[in-house]
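Structure first, then comments.
Derivation of every value follows stated rules applied to the coordinates shown; laboratory data play no part. Please read these numbers as outputs of a predicted model, since none were measured by experiment. Here Cβ is always computed from backbone atoms with ideal geometry, including for glycine, and neighbour counts include all displayed protein chains.
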Amino acid sequence: MLVLGSLAPVRAEVIERILAVVSGALVLQSDAEAAIKLGLVTVPPGADRLQAALDQLIERQLMLIEVDRYGPPEPPLSEVDVSVREIDQRIGSGERMNAILRESGMTVDQLRLRVRDDLRIRSYLLQRFGNQPVPPEDEIVQYYRTHEREFTRDGVVRPFSEAGIQARDALIAERRSQLIREWLAGLRRRTDINVLYLPGR
């Protein structure tokens, strides 16, 4: 019985697996898990957590390819330090971040490199999409009217005279986000992406 028991099948623990390949670059499950735990990606309520993280990591890799092609200036080390501290504070500070790094097999230097690349991406997006034209006032008014909830306080809609600047900035930000989404869609069409992850498996 002891011999038979020792021959019973044992379910192997999955240590690592490839979720996707983006232009030759691997996106690993450990990458996704670390990004989730460190708060580097957003997982909507009820969504498949790995799928949500994978989608964002694929987009990040697409942007990084473009960044490496055009080479924006390196971020100052002080900015990298600040961003790492913000991650540490966001997840609870102290030993928590060290534990996550150990679980994912990521070193502090690798985290700093990731943060550095995120800052390079942010700089590139600002350079490419930051200077959006100011919309005409009638379009700002239309946005204000169709997004009243954004300008409501204590059940009262703020008048346009008070909320006009906020409405203008929100409309500019919305259009900038739309341009970035269209740009990313174009990058997806032009890039070899092989997604291996199947939700629920």
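A few remarks follow.
- Positive-end residue, the range 79-169 charge dipole about Cα centroid, Cβ charges, pick of G130, V80, Y144: V80
- Simple Cβ-charge dipole of the chain, Lys/Arg +1 and Asp/Glu -1, about Cα centre, in debye nearest 20: 340 debye
- Value of relative contact order over the range 15-195, rounded to a whole percent, pairs C-alpha under 8 Å and six or more apart: 26 percent
- Centroid-to-centroid separation of the range 66-80 and the range 90-122 [C-alpha atoms, Å]: 17 Å
- In the list (1) 46, 44, 23; (2) 73, 46, 36; (3) 82, 44, 39, the label attached to Cα extents along the principal axes in Å as derived from the coordinates here is (3).
- If you take all other residues with their beta carbon under 14 Å from the beta carbon of I100, and give Lys and Arg +1 and Asp and Glu -1, the sum is 0.
- Here the extension length gained between E182 and A25 equals 54.3 nm, from 0.36 nm per residue of separation less the Cα-Cα distance.
- Ranked by the mean number of other Cβ atoms within 10 Å of their residues, highest first, the peptides 57-68, 21-32 come out as 57-68, 21-32.
- For the options L111, L54, L77, a Gaussian network treatment of the chain with springs between C-alpha atoms closer than 10 Å singles out L77 as fluctuating the most.
- All other residues whose Cβ lies under 10 angstrom from that of L77 are scored, Lys and Arg at +1 and Asp and Glu at -1, for a net of -1.
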